[in-house]
Amino acid sequence: VPEDQADKLLLASWGLPKAVLEKYHSLGVVRMFEWQAECLMLGQVLEGKNLVYSAPTSAGKTLVAELLILKRVLETRKKALLILPFVSVAKEKKCYLQ
């Protein structure tokens, strides 16, 4: 992330509602890794263009997907579909995102 865009590492700089930020903060998520912010700043990803990214297990891939989904749903007022690999993960995310 360029030095002049270091604020993009803070979740609060992405225009998310206060309730969403408070939920992330309660889970200890206040900042993103540089690679996560870079993903969100690529091309027209925030306008709905495709993004393919890869990272090791527990590296934070889900946060990127959640932020993209949340921003698109809030800005366009359309529904989103989040596909997860296991029923247990789907149940966990359902509770988390509610």
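The values are calculated or read from the model by the stated rules, or taken from the named source; none is laboratory data. Here the structure is a predicted model, which means the values were calculated and not measured. Glycine also receives a Cβ, built like all others from the backbone with ideal geometry; neighbour counts cover every protein chain displayed. Note: accessible area is taken over every heavy atom of the protein model, side chains too, but ligands, DNA and RNA are not part of it. Shrake-Rupley method; radii C 1.70, N 1.55, O 1.52, S 1.80 Å.
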Looking for whichever is open to solvent by less than 50 Å² (accessible area, probe 1.4 Å) and among the small types (Gly, Ala, Ser) here; the options are 15, 60, 28. Which one fits? 60
Go through the range 31-57 and report how many residues are open to solvent by less than 50 Å² (accessible area, probe 1.4 Å), in a loop (DSSP other than H, G, I, E, B), among the hydrophobic types (A, V, I, L, M, F, W, C) and in contact (Cβ under 8 Å) with a residue 24 or more places away in the chain. 1
